[in-house]
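Student: The structure that follows is given in the form of structure tokens.
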4 protein chains.
Amino acid sequence: MNSFGTCYRVEILGESHGSAVGVVIDGCPPGLPLAAADFEEDLARRRPGAAGTTDRREPDRPEIVSGLYRGRSSGAPICVLFRNEDAKSGDYAGFERVFRPGHADFTASRRYRGFNDPRGSGHFSGRITLGLVVAGTIAKRLLREVSFQTRVLQAGGRSDVAAAAAAAAAAGDSIGGLIELRATGMEAGIGEPFFDSVEGRISHIVFAVPGVRGVEFGDGFAAAAMRGTEHNDPFVDSSGRTSKNGAGGVNGGITNGNELVLRVAMKPASSISAPQRTLDFSSGEMVEVSAGGRHDACIALRAAVVIESAVAIALADLALVAKTYPFPEQS
Amino acid sequence: MNSFGTCYRVEILGESHGSAVGVVIDGCPPGLPLAAADFEEDLARRRPGAAGTTDRREPDRPEIVSGLYRGRSSGAPICVLFRNEDAKSGDYAGFERVFRPGHADFTASRRYRGFNDPRGSGHFSGRITLGLVVAGTIAKRLLREVSFQTRVLQAGGRSDVAAAAAAAAAAGDSIGGLIELRATGMEAGIGEPFFDSVEGRISHIVFAVPGVRGVEFGDGFAAAAMRGTEHNDPFVDSSGRTSKNGAGGVNGGITNGNELVLRVAMKPASSISAPQRTLDFSSGEMVEVSAGGRHDACIALRAAVVIESAVAIALADLALVAKTYPFPEQS
Amino acid sequence: MNSFGTCYRVEILGESHGSAVGVVIDGCPPGLPLAAADFEEDLARRRPGAAGTTDRREPDRPEIVSGLYRGRSSGAPICVLFRNEDAKSGDYAGFERVFRPGHADFTASRRYRGFNDPRGSGHFSGRITLGLVVAGTIAKRLLREVSFQTRVLQAGGRSDVAAAAAAAAAAGDSIGGLIELRATGMEAGIGEPFFDSVEGRISHIVFAVPGVRGVEFGDGFAAAAMRGTEHNDPFVDSSGRTSKNGAGGVNGGITNGNELVLRVAMKPASSISAPQRTLDFSSGEMVEVSAGGRHDACIALRAAVVIESAVAIALADLALVAKTYPFPEQS
Amino acid sequence: MNSFGTCYRVEILGESHGSAVGVVIDGCPPGLPLAAADFEEDLARRRPGAAGTTDRREPDRPEIVSGLYRGRSSGAPICVLFRNEDAKSGDYAGFERVFRPGHADFTASRRYRGFNDPRGSGHFSGRITLGLVVAGTIAKRLLREVSFQTRVLQAGGRSDVAAAAAAAAAAGDSIGGLIELRATGMEAGIGEPFFDSVEGRISHIVFAVPGVRGVEFGDGFAAAAMRGTEHNDPFVDSSGRTSKNGAGGVNGGITNGNELVLRVAMKPASSISAPQRTLDFSSGEMVEVSAGGRHDACIALRAAVVIESAVAIALADLALVAKTYPFPEQS
């Protein structure tokens, strides 16, 4: 449901236009130096500002409610909240009648029998991912040998990402994006067969990020068109390094010590200024809507750090689980 | 680890060349008519036989150990075993020294400090997916309004799938494949925000199937190159039907009642008859290996029903979780 | 760890002298009417005031951070915080050197390598049970057919509970207590074999309440001294009513529709004004300590509502799990 | 449901008169030397034979289905089955009409809508605890510094346990029993606040054992009648040793390094040869029944090793969870 993880557990809470969004992290080892300022670097990567990002301006000030003592994690659950300060619910008022296409308005209403908070997508808002960034920052601290490089490879099919986003914004349109994450320094032997494979755990949490449509590892969908003779990837040294790393750093669900490589497809934001026709569920008529509110032309730009955070959470959890082996007698 | 699910829980066990592989299913509602023969249809789809599939011939006879009484599920855990009868461990003897490229030999050895059973990939064998098929058959019974259509769209990049597989087999090579699953009849409102989205839960279990490299929903990776004006998908009737179903049946992680559509990329089987060069970890020298044993030229052919089973397990679990709402007072 | 439940999940957070304590509840069905005022009745039962309770005066004002919309549960996680306003950390300053006997100071320090927050027991404080009361209030709303009666049967071995508590307080001493809970209206058929029995789930959460030393159901420890001929308890009507209810409402881990009866033993509060001798871990010398701070002479008085809350949480969770049976085809 | 544990996970399966009972253990660290013969010592303690135990004679031969390789745990799930060979279903035939008092017949029928296997209590049989003994044996291997002493303190209220059991058997009656477990060598710092306390986890699994009515730690229910001045228990050396160990080895849910002490109350077996009056649910009449079948006069005798196994499972799981702390950077 709203929690993820076996040993490093993340629980998410809040609504876009309620009083706050936040996160509770259970299982963070004690003694980790930590302060609110440590979250700023990744929060800044998620914050709008560049061309093609929303005008909503939230300070995103993390309030650490619990779990720290004298500047370090104490072993107790870490709760971090972000107050909602720049919510403009009026912008969304019409949408309680007309479910916005491509949003969770309709499905949330079905799931929760109409009791869900619909303002600004409520609990389904991208704003909820602030908590992921916090949990991801801590996770990356735990994975201190690992370096992450995450970037938007393409936006709307173009490699000149910034230009493409600016053009879409200017046109009142939105565009999708392709995000690539590379992580080096991941030790071999992390991951849990059968179900809790590295790919399985990562994709599970990555699909929680609003707008994700696909996840692939290594050579991904291209592998489906390959022959074994071109695909196969011999070991070349005793650390487990392979010649091509087409597996993206994972064999049998377990890290092999090569670079972890994955790509994530983000859809175009559904909210655009250009008018769209859709059903008015109350009248049964097709009507024309256009998104007021403040939106992102290319959500991939701000989502990159969220994807990185999600991956880090999954990896930190698996790394903690792996610590339960071996007992001293086997070492 | 080796279990999956919140309310419909599947635990997998066994090794390729041990005494058996099997599955334990907890949480199956009582009263479901069930017999060993009910598993045969899907087991047959998984069984080799067509051109491009392995020569290993296992009868795959399900032995129901527990959980049935008078021909129906009793509410107690259902345990089903498959004895290993046609194991030829000798075929793999050399591979304890030379980790096979693309297999889990190396990573399993790291994860389990060399104590894992390496014969025929041991617990990492594709044979372990027999249990998934059993659990999937039962899951589909629980989802009795849902119809699944699963097929191999392409093999090695070609649409003439059977011909491509036969050609690869004849060449002693292997090819990847692209599997598409479509499920109609899924009611709207199934799925758990934030983390247990339909896509997240499905991809989690699908990546447990050996050889999967990518998963996408609806328009998937193509969405990354789209503009919002071409991507957006208005509602066209009050059941929630949309004009294009580019979301593949899911919004905000919750089913919207449209057809569920997903595609899975399978890599070429790593074991091929053609010789490959790789490292001998004991000598530190590059050596030439070729796969004895009995292998599939196109694992996508037999994996299609396994993918379908995995998806059905994830959906049945979410459907059971959804039953916890609402309490009578809300209805 | 800090969460409990399968379908109705409760996560606890905070420290006694940090900024707040609180709770996150995931899985509460949507549509339940709910407001901060609804928590007051049970919070008042937990609040000190009677003779034998601490002088710490916290307003215990619940701040609902998320999960409500228009006065009802929305289906999203419900987060409720209580700010710490009357914390006096100075009272505890000496105890960082001398671990208080009977408290978690020593074990928390071992578990968290000295990084835990020791002020007022930190995360181990009885104050953390405020969140249990909130989650229990909601759980009781979900169990709307069930009536709970919880009382302190004995304090310090005496049935004149109030007088015993007052006497202990006057003497600067503390006393243990015996709490009995009775719940009528629980429907038959709730509980999950094998491990998630009603008794198992209840005792699991009840032992989380600081100071609990034992839990028994029905005739409890007395049953150990009985013969079958005196113990056995025939059914007397077709609703499943039995003649003696020695099982306390549970057979085979599943409710039988009779009154649920359980008793909980609470130890005397470890903090007393009277001086005690214990080890100074830094000097290795035995020293004399007496508890400053503000303490309860009989924690059972305020714990009764916490025990009731814990039981309600366990029962509500099991009741939700039970809703996953049956599928329509079996009904 | 039928599984228990976070990192050392035990899943139980089977029915008394089905084909087998068994267990699947996931998370056992690899490399542990293990063979079927290793289970014999504890199985023998559970096996009937002494006066006051049932005449059912099962060889209880463990069949190791998976998870071992070359005489050691491989890291994959360990599945162990026990075939049912001496089942006499005829003995129970009448009980499908008349639910036996004190058994799970009635509640199982309610929970599973009459689809449960009622023969010999089916999945609710004490026979299901064979799997606990297997999982407990392995757990004790993992806790190699810990010594367990478990004994029946009293049977039917008498300290001459064997004589009391023989007398009850001779009288066609049954008696309850009081079991005490002591474990030395448990390191300090094991246990998870808030919910996964040592007492909470242990009592959770102990109540799964059929016939348990109460669990207490240290001075247990006696503490409820004590004053703080007599109860308090100063530290006497820097290892954390206390003067009285009234807490039974646990403070704040975490082991303190003192001896772990707990007592479990077992009810008299409900099945006795002496006739009992109870309701015939089909006719609505009170009828007289007497237990055919083969029963134990004092289940506490055979349950002692089962309780010990259950406690070991809970402790091993918590010990594995504790290994996730600390990360190297904190040590």
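The values are calculated or read from the model by the stated rules, or taken from the named source; none is laboratory data. Please read all numbers here as calculations on a predicted model, not as lab measurements. Every residue, glycine among them, receives a Cβ derived from its backbone with ideal geometry; neighbour counts consider all protein chains shown. For accessibility, only protein heavy atoms count, side chains too; no ligands or nucleic acids. Shrake-Rupley method; radii C 1.70, N 1.55, O 1.52, S 1.80 Å.
Student: For the list (1) modelled with pLDDT of 95 or more; (2) more than 30 Å from D:Tyr8 (Cβ to Cβ); (3) touching a Gly at 6+ places or on another chain (Cβ under 7 Å), I need the number of the one condition that D:Arg113 fails.
Tutor: The number of the failed condition is (1).
Student: Could I ask something else about it? Pick from the stretch B:256-281 the residues that are assigned to a strand (DSSP E or B) and more than 7 Å from every other protein chain (Cβ to nearest Cβ): which of them is farthest from B:Ala319 (Cα to Cα)?
Tutor: Selected residue: B:Asp280.
Student: Would you mind finding the one in C:Ala93, C:Ala37 that is in a helix (DSSP H, G or I) and either crowded, with 20+ Cβ neighbours inside 10 Å or at pLDDT 95 or above (or both)?
Tutor: C:Ala37
Student: Can you spot a residue in the stretch A:147-154 that is crowded, with 22+ Cβ neighbours inside 10 Å and in contact with a strand residue (DSSP E or B) (Cβ under 9 Å, 6 or more places away or on another chain)?
Tutor: yes
Student: I would also like to ask the following. Give C:Gly252, C:Gly228, C:Gly284, C:Gly246 a once-over and let me know the one that is at positive phi and buried (at least 21 other Cβ atoms within 10 Å of the Cβ).
Tutor: The match here is C:Gly252.
Student: Return only the number of the condition from (1) modelled with pLDDT of 85 or more; (2) open to solvent by 10 Å² or more (accessible area, probe 1.4 Å) that C:Pro328 does not satisfy.
Tutor: Result: C:Pro328 passes all but (1).
Student: Hey, can you tell me all the residues within the stretch C:27-73 that are within 21 Å of C:Cys7 (Cβ to Cβ) and polar (S, T, N, Q)?
Tutor: C:Ser66, C:Ser73, listed by residue number.
Student: How about the stretch C:166-208: which of its residues are over 28 Å from C:Ile272 (Cα atoms), part of a strand (DSSP E or B) and at pLDDT 95 or above?
Tutor: Residues satisfying the conditions are C:Arg182, C:Ala183, C:Thr184, C:Asp196.
Student: Could you count how many residues in the stretch A:174-192 are open to solvent by 20 Å² or more (accessible area, probe 1.4 Å) and in contact with a Lys or Arg (Cβ under 8 Å, 6 or more places away or on another chain)?
Tutor: Residues in the stretch A:174-192 being open to solvent by 20 Å² or more (accessible area, probe 1.4 Å) and in contact with a Lys or Arg (Cβ under 8 Å, 6 or more places away or on another chain): 2 in total.
Student: A follow-up question, please. Would a scan of the stretch A:75-85 turn up a residue that is open to solvent by 20 Å² or more (accessible area, probe 1.4 Å), modelled with pLDDT under 95 and more than 9 Å from chain B (Cβ to nearest Cβ)?
Tutor: Step one: filter the stretch A:75-85 for residues open to solvent by 20 Å² or more (accessible area, probe 1.4 Å), giving A:83-85.
If we keep only those that are modelled with pLDDT under 95 as well, we get A:84-85.
Imposing the further condition that a residue be more than 9 Å from chain B (Cβ to nearest Cβ) reduces the set to A:84-85.
Yes: one or more hits.
Student: If you don't mind, another one. Restricting to the stretch C:1-17, name every residue that is more than 13 Å from chain B (Cβ to nearest Cβ), assigned to a loop (DSSP other than H, G, I, E, B) and not small (Gly, Ala, Ser).
Tutor: C:Met1, C:Asn2, C:Glu15, C:His17 - these are the residues of the stretch C:1-17 that are more than 13 Å from chain B (Cβ to nearest Cβ), assigned to a loop (DSSP other than H, G, I, E, B) and not small (Gly, Ala, Ser).
Student: Another question about this same structure. Just one of the numbered conditions (1) under 22 Å from the mean Cα position of the chain (by Cα); (2) at pLDDT below 95; (3) not in a helix (DSSP H, G or I) is not true of D:Gly120; which one?
Tutor: (3) is the only condition that D:Gly120 fails.
Student: Quick one: would you say B:Ala169 is over 30 Å from A:Arg110 (Cβ atoms), open to solvent by 40 Å² or more (accessible area, probe 1.4 Å) and in contact (Cβ under 8 Å) with a residue 12 or more places away in the chain?
Tutor: Against the criterion (over 30 Å from A:Arg110 (Cβ atoms), open to solvent by 40 Å² or more (accessible area, probe 1.4 Å) and in contact (Cβ under 8 Å) with a residue 12 or more places away in the chain), B:Ala169 qualifies.
Student: Restricting to the stretch A:131-146, what's the tally of residues that are open to solvent by 10 Å² or more (accessible area, probe 1.4 Å) and in contact with a strand residue (DSSP E or B) (Cβ under 6 Å, 6 or more places away or on another chain)?
Tutor: Residues in the stretch A:131-146 being open to solvent by 10 Å² or more (accessible area, probe 1.4 Å) and in contact with a strand residue (DSSP E or B) (Cβ under 6 Å, 6 or more places away or on another chain): 1 in total.
Student: Does at least one position in the stretch D:158-166 carry a residue that is among the basic types (Lys, Arg) and in contact with a strand residue (DSSP E or B) (Cβ under 7 Å, 6 or more places away or on another chain)?
Tutor: No, there is no match, as no residue in the stretch D:158-166 is among the basic types (Lys, Arg) and in contact with a strand residue (DSSP E or B) (Cβ under 7 Å, 6 or more places away or on another chain).
Student: Further question: Taking D:Ile128 and the conditions (1) open to solvent by 10 Å² or more (accessible area, probe 1.4 Å); (2) at the interface with another protein chain (Cβ under 7 Å from one of its Cβ atoms); (3) under 20 Å from D:Asp55 (Cβ atoms), which numbered condition does it fall short on, given that it satisfies the others?
Tutor: Among (1) open to solvent by 10 Å² or more (accessible area, probe 1.4 Å); (2) at the interface with another protein chain (Cβ under 7 Å from one of its Cβ atoms); (3) under 20 Å from D:Asp55 (Cβ atoms), D:Ile128 violates only (1).
Student: Out of the residues in the stretch A:291-310 that are within 11 Å of another protein chain (Cβ to nearest Cβ) and not in a helix (DSSP H, G or I), state the one that is modelled with the lowest pLDDT.
Tutor: Per the stated criteria, the residue is A:Ala291.
Student: Please enumerate the residues belonging to the stretch C:135-157 that are part of a helix (DSSP H, G or I) and away from chain D (no Cβ under 14 Å).
Tutor: In the first step, residues of the stretch C:135-157 are kept if they are part of a helix (DSSP H, G or I); the result is C:135-142.
Residues satisfying the conditions are C:Thr137, C:Ile138, C:Ala139, C:Lys140, C:Arg141, C:Leu142.
Student: Spot the failing condition for B:Ala20; the list is (1) within 22 Å of the chain's Cα centre (by Cα); (2) within 7 Å of another protein chain (Cβ to nearest Cβ); (3) open to solvent by 10 Å² or more (accessible area, probe 1.4 Å), and only one is missed.
Tutor: (3)
Student: Tell me which of these B:Ser290 doesn't satisfy, since it passes every other one: (1) crowded, with 24+ Cβ neighbours inside 10 Å; (2) under 30 Å from B:Arg47 (Cα atoms); (3) out of contact with any Leu (no Cβ under 8 Å at 6 or more places or on another chain); (4) of a type outside the set (Phe, Trp, Tyr).
Tutor: Only one criterion is unmet by B:Ser290, namely (1).
Student: What tally of residues in the stretch B:106-116 results from selecting those that are at the interface with chain A (Cβ under 8 Å from one of its Cβ atoms) and either assigned to a helix (DSSP H, G or I) or β-branched (Val, Ile, Thr) (or both)?
Tutor: Selection size over the stretch B:106-116: 5.
Student: Looking only at residues in the stretch C:50-89 that are part of a loop (DSSP other than H, G, I, E, B) and without any contact (Cβ under 8 Å) to a residue 24 or more places away in the chain, which one is nearest to C:Ala35 (Cα to Cα)? Don't jump to the end; show me each part of the working.
Tutor: At the first step, the residues of the stretch C:50-89 found to be part of a loop (DSSP other than H, G, I, E, B) are C:50-62, C:67, C:70-71, C:74-77, C:84-88.
After this cut, where a residue has to be without any contact (Cβ under 8 Å) to a residue 24 or more places away in the chain as well, the list is C:70, C:76.
Numbers: C:Arg70: 10, C:Ala76: 15 Å.
The residue in question is C:Arg70.
Student: Then there is this: Filter the stretch B:209-240 down to the residues that are in a helix (DSSP H, G or I), at the interface with chain A (Cβ under 7 Å from one of its Cβ atoms) and closer than 18 Å to A:Glu180 by Cβ and list them by number. Full working, then the answer.
Tutor: Applying the first criterion (in a helix (DSSP H, G or I)) to the stretch B:209-240 yields B:220-225, B:228-231.
Checking which are at the interface with chain A (Cβ under 7 Å from one of its Cβ atoms) leaves us with B:220-221, B:223-225, B:228-229, B:231.
B:Gly220, B:Phe221, B:Ala223, B:Ala224, B:Ala225 - these are the residues of the stretch B:209-240 that are in a helix (DSSP H, G or I), at the interface with chain A (Cβ under 7 Å from one of its Cβ atoms) and closer than 18 Å to A:Glu180 by Cβ.
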